[in-house]
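The values are calculated or read from the model by the stated rules, or taken from the named source; none is laboratory data. Keep in mind that what you see is a predicted model, and the values were worked out from it rather than measured. Neighbour counts are summed over all protein chains in view; Cβ atoms, including those assigned to glycine, are modelled from backbone coordinates with ideal geometry.
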Amino acid sequence: MLTLEPRGPRRAPSVRERDLEPAGADPRRLPDEEFSALVTPHFDLMARVARRILPSDDLAWDAVQETLLRVWLRGSLPEDPKPVLVHLVVRSALHVRRCLRRRRDHEELSAGVGSCCYDDPAAALRDREVEQDLRRRLERIAAGPRAVFELYELEGLDYGQVARRLAIPVGTVRSRLARARSLLRASLGADVGVEAA
């Protein structure tokens, strides 16, 4: 079970922590005992939710701490804080995951991992064949869903970036992406004689 024990010496709040406080917020906070009584029963759930999204316990703990800080800075909680806590911990965990992916992508790009040659020519040939097969299957999909799939899955843009690039709403991006995935799944399933789910 997670506890609210500080990990190190007390420090002054960072600029980022001060910025988390909404403008015009009531400077009064919940008493520590009341805050602790409201959130402590939900620690295990918050940690489990964050751990399902993130690759390590430490990162999950960071997402939980970020959530608790946001809630504490807000200064108030509903009587049943579980939905709010779960929602905020999911958002924090997804943010941490996006940051990790961007960092990994940047490090790989800096190291030239994506552009180096394979040590195994057979693996390089297999990858080229898989890519060509995927391109052939994508060509059979209508232009709208195909463009969204390529930007999201192949270029690694997020929903908002795809929406801005194509000048369409985010909801349309999600529905077109789901359609493209469904069509690809059906195409792959047809080749092996399995019905697409």
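Being modelled with pLDDT of 85 or more and among the small types (Gly, Ala, Ser) holds for only one residue in Ala190, Ala142, Ala124, and it is Ala142.
Those helices (runs of 4 or more DSSP H) of segment 76-184 in which at least 1 residues are closer than 30 Å to Pro41 by Cα and in the same structural domain as Ala47 (by TED's automatic domain parsing), considering only elements entirely within it, cover 82-111. The single condition among (1) farther than 19 Å from Val49 by Cβ; (2) more than 18 Å from the chain's Cα centre (by Cα) that Asp80 does not satisfy is (1). Residues that are over 24 Å from Arg101 (Cα atoms) and out of contact with any helix residue (DSSP H, G or I) (no Cβ under 8 Å at 6 or more places or on another chain) within segment 39-90 comprise Thr40, Pro41, Asp44, Arg74, Gly75, Ser76, Glu79, Asp80, Pro83, listed in sequence order. Restricting to segment 65-80, name every residue that is at pLDDT 90 or above and within 11 Å of Val39 (Cα to Cα). Hits for segment 65-80 are Thr67, Leu68.
Looking across segment 54-64, just one residue is modelled with pLDDT under 90 and buried (at least 18 other Cβ atoms within 10 Å of the Cβ), and that is Leu54. Kindly establish whether Val170 is loosely packed, with under 14 Cβ neighbours inside 10 Å and modelled with pLDDT under 90. When the stated conditions are applied, Val170 does not pass them.
Taken over segment 129-145, the criterion of being more than 25 Å from Thr172 (Cβ to Cβ) and either aromatic (Phe, Trp, Tyr) or within 26 Å of the chain's Cα centre (by Cα) (or both) is satisfied by Glu131 alone. Taking the stated definitions as given, is Val113 closer than 30 Å to Leu59 by Cβ, surrounded by 11 or more Cβ atoms within 10 Å (Cβ to Cβ) and at pLDDT below 80? Taking the combined requirement at face value, the residue satisfies it.
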